Structure formats: C-alpha cells, structure tokens
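To start, the structure under review is shown below, and the notes come after it.
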Amino acid sequence: MLPEAVVARAADLREQLEFHNYRYYVLDDPQISDTEYDWLFRELQQLEAQYPELLSADSPTQRVGGAPLPEFLPVTHRTPMLSLNNAFAAEDVTAFDRRVREVVAGDAVEYEVGPKFDGLAISLTYIDGILTQAATRGDGYSGEDVTANIRTVRNIPLKLAGAAIPALVEIRGEVLMLRADFERLNQQQDARGDKRFANPRNAAAGSLRQLDSRITASRRLTFFAYNVGAIEGGPALRSQAELMDWLGGLHLPLCDLRAVVSGVQGLLDYYAAIGAKRPALPFDIDGVVYKVNSLAAQQELGFVSRAPRFAIAHKYPAEEAVTTVEAIDIQVGRTGALTPVARLAPVFVGGVTVTNATLHNEDEIRRKDVRVGDTVVVRRAGDVIPEVVRILPERRPFRTVPGKDLFDAAQEPEFAPFELPTTCPVCGSHVVKEEGEAVSRCSGGLFCSAQRKQALWHFASRKAMDIDGLGDKLIEQMVDAGIVHTPADLYRLDLARLAGLARMAEKSAGNLLAAIEASKHTTLPRFVYALGIRNVGESTAKDLARHFGTIDALIHASTEQLLAVPDVGPVVAQSLCDFFAEPHNVEVIGQLRAAGVHWPAIEVLSSADAKLAGKTFVLTGTLPSLSRDDAKARIEAAGGKVAGSVSKKTDYVVAGAEAGSKLTKAQELGIAILDEEQLLRLLQD
C-alpha cells in the first residue's frame with residue numbers, strides 16, 4: 001500500500017502543474033516562474049520514480065514522449081468528422097442564410113462565428129475527465145490513433161477541470177503551429193543542416209504524425225477546441241456559444257476571436273474584420289466558419305451528403321504575389337505525365353517563400369503564354385499549391401531587331417514561346433499526346449526512371465504477375481538502392497542483395513525470391529496487362545491475347561490489325577502502337593522472356609470458331625460445381641465477354657443459388673437466364 005501522504009502529495013503536484021500549464025499555455029498569464037515550475041515538476045518525477053504505482057496517463061510527466069510506435073492504429077469515430085461546404089463570395093453567404101431561414105423561423109438568424117484554422121482536425125476523447133484517446137480526422141469516418149503525440153501538446157489538458165464533467169466527451173478541434181514556433185523550428189532545422197519546413201501546417205502535420213512521440217514533444221504545437229462530437233452526461237446546453245463557454249470552463253483552449261452575430265450582414269462584417277486582422281494573427285487561417293447558434297436548430301437542419309446544413313466555411317481569396325520566371329523545366333510524374341514547372345525568383349506568398357509554380361500542361365502554358373523572363377502573378381491555390389495565374393504583358397522584356405530599311409528597327413519579345421520537348425527529359429523516349437487529352441506523356445513506361453516505381457508496382461500486382469510480398473515500400477527500397485531499374489531486374493535478384501535491404505531478413509528474402517520464381521509461369525493476358533500500357537486494362541489484355549495468340553504478333557501488329565480486336569478503339573490502338581514503337585520497352589520484354597517468364601500457348605479462334613463472339617454474360621449467385629473464375633474463363637475461351645452488371649446489352653445472365661438483384665433486373669429486361677447445366681450445354685454446342 002502506498003503511504004496516504006505520498007498519494008495526496010502526488011495528486012496535489014499534478015493539480016498544481018496542470019493549473020500552471022493552463023495559466024501559461026492557454027491564458028498566457030503565468031503565476032509562477034519557470035524555475036518554480038521546474039521544482040514542482042522534478043518533485044513529481046522523483047515521487048513517480050520512487051513509487052511506480054503512482055504513474056498514470058494524466059500525469060504531466062507523461063508529456064515528454066515515449067518509445068517509438070511501430071505504426072498508428074486505426075480509430076473509428078463515434079460520429080463522422082464531416083467537412084464543411086465552402087462559400088467564396090457574399091452571394092454564397094446570402095444563399096446559405098436563406099437556406100437556413102427556410103427551416104429556422106425568424107427574420108435574422110443568430111450565428112456563432114470563429115476563424116477557420118489552417119491546421120489538422122483532431123478528436124480528443126475524455127472518459128471521466130481523463131484524456132484516453134486522440135485521433136486524426138482521416139477520411140471523416142476513421143482516423144489514426146495519435147494519443148501518444150497529443151499528450152505532448154502542452155495546452156491540451158490531460159485531465160478536465162471544472163464542474164459538470166461528463167462520463168464521456170469527444171472534443172473536436174484543430175492542432176496547428178504558431179508562426180513564431182514555426183520560425184523557431186526552421187531556425188533549428190537550419191542549425192542542424194536539415195531541410196526547412198514549407199509552412200506551419202506541414203510542420204504541424206509532420207510533427208503530429210511522428211511514430212516517435214519524443215520528436216513531437218520537441219516541437220511546440222497548439223490546440224484550439226471548436227466543437228463536441230459525442231457526449232454522455234454533462235449539462236443541458238441551448239446554443240453553440242454556451243457549448244464553447246462550457247468547454248472553456250473545462251480548461252480546454254479556445255480562440256478568443258469567437259463571436260455571436262445576427263443575420264447576413266453580421267456574418268459579412270465579421271468576415272471583413274477577421275480578414276483585416278489576418279496578416280497579424282499569430283497563426284494561419286484560410287477563412288472563417290459560421291454555425292447556427294441554436295443547438296435545437298442545428299438538429300433540425302441536419303446534414304446533407306458529407307457536410308452539415310447548419311454550418312459553412314467562408315474562405316478568403318488565395319494570396320497572390322508578383323515575381324519573374326527564371327526558367328521553365330519539365331517534371332515527369334509516376335505515370336509518365338509531363339508537367340511544365342516555372343522556376344521563379346523567390347517571392348513570399350501565402351506565408352511561405354515560393355520558388356516553383358506549376359504551369360499544369362502544354363495547353364495551359366500556351367493559353368497564358370508564359371515565357372522565360374516574364375513577370376507573373378503567382379497564387380497559392382487553396383493556400384497550398386503555388387500556380388502561375390497570369391503574366392503581366394506590359395513588363396515582358398523586348399529586344400530591338402533590325403528592320404527592312406537601314407534606319408528601321410522593330411521590337412520583339414526577348415524569349416520565344418515555350419515548346420514542350422518531343423522526347424522525355426528523363427529517359428529520352430518519345431513524348432506522346434492522345435487526342436482530346438491535355439497531358440503529354442513519356443512512352444517509355446518500362447524503362448523511364450521517373451515511372452519506375454509505378455511500373456514495378458503495377459507489374460507485381462495481383463491481377464498482373466501476382467508477386468506475393470512485393471509491395472510499394474519494398475519496391476521503393478529497391479529502386480532507391482539502385483538494384484532494380486526495370487521489371488526484368490526482378491528476375492536477376494539474389495538472396496544477398498535482398499537480405500541487405502532494411503527490414504528484410506533472410507527468410508523474407510527467400511520467400512520473395514520464391515514468389516518471383518513462381519511468377520515466371522503466367523498467362524499471356526496477365527503478361528500483357530502487367531506491361532502497364534496506357535488504356536489497356538485487364539479485360540482488353542485478354543481480348544488482345546485471344547486475338548493475337550503471341551506477344552510477338554501483338555508487338556508487330558499494325559493499327560488496322562489492332563482495330564480489328566473487339567472493344568479496341570482508336571485511343572487504345574494508338575497507346576499500343578506508341579508503347580511498342582519505343583525500343584526500350586521491347587527490349588525489356590525480351591529480357592523478361594530471356595529470364596524465363598513464359599505462358600501456355602493460346603489457340604487463336606477465328607470468328608467462325610468463336611461461337612460466343614460478341615455475346616455478353618453476367619454471372620450471379622453460386623453455381624453447383626463451377627467457381628465464378630472457372631465459368632468466366634470458359635466463356636472467354638469461347639469468345640464471350642463477362643460483364644459485372646446487367647444492361648440492355650447483356651445477352652445471358654448465368655444464375656446460381658442465392659442470385660440477387662442482377663437476376664431481378666435480367667427478368668425485368670427480358671434477358672435470357674441460364675443455370676449451370678444450360679451454360680455448359682451452350683459452351684459444348
């Protein structure tokens with residue numbers, strides 16, 4: 001048994017420390033010096049070290065962070081953390097108010113208003129006043145458990161104070177990094193020679209999602225509460241403003257820019273007032289939030305789609321700045337897409353220094369006529385992605401050129417219009433652009449290093465070569481280590497090189513090598529699909545394999561021959577021609593075959609032999625002896641096609657036990673329905 005005096009002293013120390021945390025981090029009004037605080041903190045540490053039974057999750061000593069976690073665990077939210085609909089103009093706000101007044105009686109609705117923080121939405125669950133779980137917003141329905149990291153945020157109480165503490169309450173709020181703390185963090189990054197953070201939001205997100213909570217503890221984060229997601233017990237509250245005041249009474253940090261206003265004019269006045277204060281605020285915001293103040297009215301208004309009808313976010317225009325274009329480079333993405341990027345003279349916009357901005361695609365760069373040397377307006381679209389909005393033509397540099405006559409001269413732009421390269425700047429393969437598409441792409445899918453990780457992931461996927469154990473993280477390691485450049489390199493791996501990778505023991509390496517070896521025996525449709533040819537999916541790969549029978553016939557097929565394949569149109573045919581016209585791709589295919597990748601021969605059916613050519617089947621329910629895959633394979637071998645849904649184009653529905661809505665729809669449309677015996681007879685005939 002612990003001495004009563006020790007238990008009482010530990011409880012008193014915790015209460016004092018939490019109170020002084022609240023005075024310092026929430027009220028910004030400390031009552032004791034840092035030295036006095038440290039004395040209290042060390043005394044509690046010593047007591048907990050002497051009596052380990054005293055240690056509890058709500059102790060202030062637990063804010064320093066603990067051992068690294070292996071991963072974040074998923075958390076399902078009690079009620080969804082829905083996003084808000086956005087308003088961008090006064091007319092949007094007026095329309096929002098009108099929709100509210102159609103449900104809520106009265107000429108002028110009362111609203112609770114506050115800033116829209118540019119941070120990360122967080123859910124905090126307190127049981128009997130003790131912080132027990134913290135989770136990110138995630139997809140709105142489930143997030144990640146970041147409890148260990150949230151405990152290190154100094155202005156979040158580990159234990160609620162005040163009266164009327166409910167049995168359970170889930171607090172919704174925002175974690176962010178103050179501008180001053182962000183600057184301090186970047187100074188520390190500079191001193192260590194580490195990469196600077198782009199903006200406070202990125203810094204906060206990176207800090208909160210550290211598996212090692214000690215790193216989070218070393219970076220000062222701030223939290224503001226703005227709502228409740230669930231509550232069991234607690235006081236009877238009538239308005240959002242009362243709810244917020246109650247949260248403040250629990251010692252939860254609130255933003256002092258909150259207010260209650262009336263009607264549309266009150267909303268717009270608040271928007272303007274906060275907008276004027278925005279540059280001087282200690283934190284970043286990207287708008288303000290309006291909520292109907294009456295909780296009963298909120299309940300009556302309810303929700304639509306993934307957003308509440310009683311609230312809306314009024315966004316501020318993205319911040320803009322003027323700078324000059326020093327160069328235009330081309331970036332090649334994971335899928336081969338070529339994106340022009342403007343390299344800019346550094347300019348401070350939206351809270352960060354911007355040196356690059358996207359020009360999106362060739363059509364967009366021509367529409368805006370952006371050239372090297374131009375003075376341009378740059379905007380952080382959505383306060384995140386920098387983009388070139390427009391040029392300032394009056395500032396374009398011109399040069400004088402001789403005219404036709406001796407004394408005549410003319411002016412022309414110093415720099416010519418930008419032209420997209422015809423070959424990939426990364427691998428030298430041809431650049432292609434499909435009709436109707438804005439994006440140009442590199443055709444060297446199997447060879448281009450920019451597309452390497454994406455190509456390998458697709459090649460190894462379940463519906464392609466089905467290499468068990470070869471996931472995206474392992475692929476990333478292999479590519480970064482330089483041991484795999486093309487899919488053919490997978491078949492040259494050995495145990496020593498694999499076992500040398502991080503988190504790759506000898507047994508795991510052996511299992512992967514066995515899976516790679518097993519993948520050598522495949523099918524032609526799988527192999528064609530694994531090549532990752534643009535616009536060639538699993539079904540098209542099967543059609544191509546059945547039509548041509550060999551990979552060589554497919555490689556050398558003309559556009560006319562490709563168009564003869566069922567369901568292959570001009571776009572797919574062009575994608576195939578572009579892919580096989582690139583020598584690098586054909587070379588990799590040869591290397592794969594030389595490494596032992598093979599498949600059984602396919603009998604090419606003529607249109608006369610393919611009795612089910614052009615017929616579409618839909619499978620539903622459980623057949624007595626055939627699996628779904630067996631039935632599909634037999635239908636496709638006879639030239640038929642298996643679709644996933646019933647339509648007027650469906651010829652047959654094959655129905656087994658417990659057939660559902662597909663059977664009902666087939667009956668409504670008058671489509672022929674077969675059982676397994678009838679299907680087998682049709683295939684035999």
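All of the numbers you see were taken from the coordinates with simple rules; none came from a lab. Nothing here was measured: the structure is a model prediction, and the numbers come from that model. As a convention, Cβ positions derive from the backbone with ideal geometry for all residues, glycine included, and neighbour counts pool all protein chains shown.
Of all lysines in the structure, the ones whose alpha carbon falls short of 20 Å from that of Lys291, not counting any fewer than 8 places away in one chain, are Lys116, Lys315. Please report the base-10 log of the normalised intensity I(q)/I(0) for segment 249-290, using a Debye sum with one equal scatterer per alpha carbon and no solvent, at each q in 0.26, 0.29, 0.34 (1/Å). For the requested q values the scattering log ratios are -1.00, -1.11, -1.31. Averaging 1/r across all pairs of distinct Cα atoms in segment 130-244 and inverting the result yields a Kirkwood radius of 15.8 Å.
Note on Glu587/Ala515: beta-carbon distance plugged into 1/(1 + (r/R0)^6) with R0 of 25 Å gives a FRET efficiency of 0.50.
Along the charge dipole of the chain, pointing to its positive end and built from +1/-1 on Cβ of Lys, Arg, Asp and Glu, which listed residue (Val103, Asn21, Ala518) has its Cα farthest out? The one lying farthest along the dipole's positive direction is Ala518.
Size descriptors for segment 529-584, from the alpha-carbon set: Rg then Dmax equal 9.9, 28 Å.
Along the axis of the charge dipole computed for the chain (Cβ charges of +1 for Lys and Arg, -1 for Asp and Glu, origin at the Cα centre), the listed residues Leu531, Leu257, His77 are led at the positive end by Leu531. Phi-derived couplings, Karplus 6.51 cos²θ - 1.76 cosθ + 1.60 at θ = phi - 60°, listed residue by residue for segment 452-457: 4, 5, 5, 5, 5, 4 Hz, with x used for Gly and Pro.
Normalised by 2.2 N^0.38 Å, where N is the number of residues, the C-alpha radius of gyration of segment 356-497 stands at 1.57.
Average projection, convex hull of the Cα set of segment 156-223: 5.9 square nanometres. In the chain, the ratio of gyration radius to Kirkwood radius, Rg to Rh, stands at 1.04 when only Cα atoms are counted. Descending by average beta-carbon neighbour count within 10 Å, the peptides 74-85, 333-344 line up as 333-344, 74-85, the highest first. Each peptide in 591-602, 250-261 receives the mean, over its residues, of other Cβ atoms within 10 Å, and ordering these scores from highest gives 250-261, 591-602.
Quick one: angle between helix 538-548 and the longest Cα principal axis of the chain, in degrees between 0 and 90, rounded to 10, please. Rounded to the nearest ten degrees, it is 10.
Working note: Karplus 6.51/-1.76/1.60 with θ = phi - 60° gives segment 477-490 the couplings 4, 4, 5, 5, 7, x, 9, 10, 10, 9, x, 5, 5, 4 Hz, where Gly and Pro are set to x.
For Gln133, the residues 5 or more places off, or on other chains, whose built amide H falls under 5 Å of its own are Thr125.
Remark: the Arg334-Ser218 segment gains 38.3 nm on full extension, using 0.36 nm per residue and subtracting the alpha carbon distance.
Using only side-chain charges placed at the Cβ, +1 for Lys and Arg and -1 for Asp and Glu, the dipole size of segment 557-649 relative to its Cα centre rounds to 580 debye.
Note on the chain: dipole from Cβ charges, positive end direction compared against Tyr652, Thr222, Trp39; the farthest Cα belongs to Tyr652. In this structure, the residue pairs whose Cα-Cα separation is over 18 Å, taken from Lys463/Lys615; Lys611/Lys662; Lys632/Lys665; Lys632/Lys662; Lys195/Lys473, are Lys463/Lys615; Lys611/Lys662; Lys632/Lys665; Lys195/Lys473.
Compared with the dominant principal axis of the Cα atoms in the chain, helix 90-101 is inclined by about 80°. Reducing segment 257-329 and segment 107-162 to their Cα centroids gives an inter-centroid distance of 19 Å.
Give me the angle, in degrees from 0 to 90, between the Cα long axis of helix 263-277 and the longest principal axis of the Cα atoms of the chain, rounded to the nearest 10. For helix 263-277, the angle is close to 90 degrees. Treating each Cα of segment 562-685 as an identical point scatterer and summing with the Debye formula, the log10 of I(q)/I(0) at q = 0.11, 0.15, 0.18 Å⁻¹ comes to -0.54, -0.83, -1.00. Taking the Cα centre of the chain as reference, the dipole from Cβ charges on Lys and Arg (+1) and Asp and Glu (-1) amounts to some 580 debye.
Label-to-label distance, Gln133 versus Ala236, with points set 7 angstrom from Cα along the beta-carbon direction: 3.0 nm. The protection proxy used here, the mean number of other Cβ atoms lying within 10 Å of each residue, ranks peptides 177-187, 232-242, 572-582 as follows, highest first: 572-582, 177-187, 232-242. Normalised by 2.2 N^0.38 Å, where N is the number of residues, the C-alpha radius of gyration of segment 199-331 stands at 1.36.
Specify whether the C-alpha gyration tensor of segment 255-398 places it in the rounded, prolate or oblate class, a ≥ b ≥ c being the square roots of the eigenvalues: rounded for a/c under 1.5, otherwise prolate if a/b is larger than b/c and oblate if not. It comes out prolate by the Cα gyration axes.
Within segment 88-198, all pairs of alpha-carbon atoms sorted by distance into 10 Å bins from zero give the percentages 11, 26, 28, 24, 9, 2, 0.
A cut-off of 5 Å between modelled amide H atoms, ignoring neighbours fewer than 5 places along the same chain, links Gly656 with Thr620, Gly621, Thr622.
Amide H to amide H distances under 5 Å link Val75 with Gly143, Glu144, Asp145, where only residues 5 or more positions off or on other chains count and H is placed in the peptide plane. Unpaired Cys in the chain, meaning no second Cys C-beta under 4.7 Å: Cys255, Cys577.
Under the convention that each Lys and Arg Cβ holds +1 and each Asp and Glu Cβ holds -1, the size of the dipole of segment 117-210 around its Cα centre is about 260 debye. Pairwise Cα separations in segment 103-157 fall into 5 Å bins from 0 onward with the following percentages, short to long: 4, 14, 18, 18, 14, 11, 8, 8, 4, 1.
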